[in-house]
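Some notes on the structure that comes next.
The values are calculated or read from the model by the stated rules, or taken from the named source; none is laboratory data. On a predicted model such as this, the values are computed, not experimentally measured, just so you know. Reconstructed Cβ throughout: ideal geometry from the backbone, glycine too, with neighbour counts over all protein chains shown. The protein model used for the area step is the full one, side chains on, heavy atoms only, and it has no ligands, DNA or RNA in it. Shrake-Rupley method; radii C 1.70, N 1.55, O 1.52, S 1.80 Å.
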Amino acid sequence: MRLSELSERSGVSTATIKYYLRERLLPAGARITATQAEYDESHLRRLRLVRALLQVGGLPVATAREVLAHADDASLGRTMRLGAALWALPHGPEPDENAPETVTARADVARLFTELGWTTTQEIGELSPVHRSLVASLATLIRLGHPCEVEYLAQQARAMRELAVWDLDSLEEYPTEAEQVEAAVASAVLYEPLLSSLRRLAQAEEAAQRYGIT
């Protein structure tokens, strides 16, 4: 398809598409003349992802470019490709290394992963920004006088592991690794707020069932 059709089908203006091309958020089309290029369904799919990253996720262009570069890096194995793309997304605060609560939080996280048997996660450790964010969050709870028991975290983690199984089963329905990684990134940006809302609604429903609505 030509640029005008890509714009019409995606709902993104030609000027914006050209901007995405300049910023390397969108791969170049196949050149057919000196001034024209041909685009395909992969460009349409990528445009949707770019819009999700920028408009819903609120990512700066440079961060979105990094995420997409990892998603496109076919030299990585599937696990590393997926992990690198997700790690490039924004995460929570870094642990405060001067806070004594950070030491306790790290010990709790280590005990949590041991209890769960998540050996790969434990081996990667604080190379993962998500791991560091978990430590920082736990340290904050401890500092505020609301420590989170490892047993409670383990229950939550096991429920999340079940969701992860469903997530990866769904991703594997996409025909290529690139599409699988793109779908995982889109899911992280679009669906994590949705899941948080569902959890709160589930708590409200459970409270109503237990205690009534008065």
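Brief remarks follow.
- Reciprocal of mean inverse Cα separation for region 2-74 (Kirkwood radius, Å): 12.5
- Square roots of five times the Cα gyration tensor eigenvalues for region 63-127, Å: 28, 17, 7
- In region 92-214, Cα pairs under 8 Å separated by at least six residues give a relative contact order of 23 percent.
- Label-to-label distance, nm, for residues given as ASP169 and GLN203 (7 Å Cα→Cβ offset): 2.8
- Loop sites in region 18-122: GluC sites (Glu not before Pro), DSSP, at most 16 other Cβ within 10 Å: GLU23, GLU97
- Residue-level accessible surface for TRP87, protein heavy atoms, 1.4 Å, Å²: 100
- Electrostatic bookkeeping for GLN155 treats Lys and Arg as +1 and Asp and Glu as -1; over the other residues with beta carbon under 12 Å from its beta carbon, the sum is -2.
- Close amide-amide hydrogen proximity is noted between GLU38 and ALA30, ARG31, ILE32, each under 5 Å apart and 5 or more residues distant or on a separate chain (H modeled in the peptide plane; Pro and chain starts excluded).
- Hydrodynamic radius (Kirkwood) for the chain, which is based on Cα pairs only, to one decimal in Å: 19.9
- Phi-based couplings in Hz for region 107-121 (Karplus 6.51, -1.76, 1.60; Gly and Pro marked x): 5, 5, 5, 4, 5, 4, 5, 5, 4, 7, x, 8, 5, 5, 4
- Lys/Arg +1, Asp/Glu -1 at C-beta; the chain dipole; positive extreme among MET160, THR176, PRO60: PRO60
- Net charge over other residues, Cβ less than 14 angstrom from the Cβ of ALA84 (K, R count +1; D, E count -1): -2
- Mean accessible surface per residue for region 1-91, computed with a 1.4 Å probe while every protein chain stays in place, in Å²: 56
- Contact order for the chain, expressed relative to its length and based on alpha carbon pairs under 8 Å spaced 6+ residues apart, stands at 18 percent.
- Neighbourhood net charge (15 Å Cβ-Cβ; Lys/Arg +1, Asp/Glu -1) for PRO27: 0
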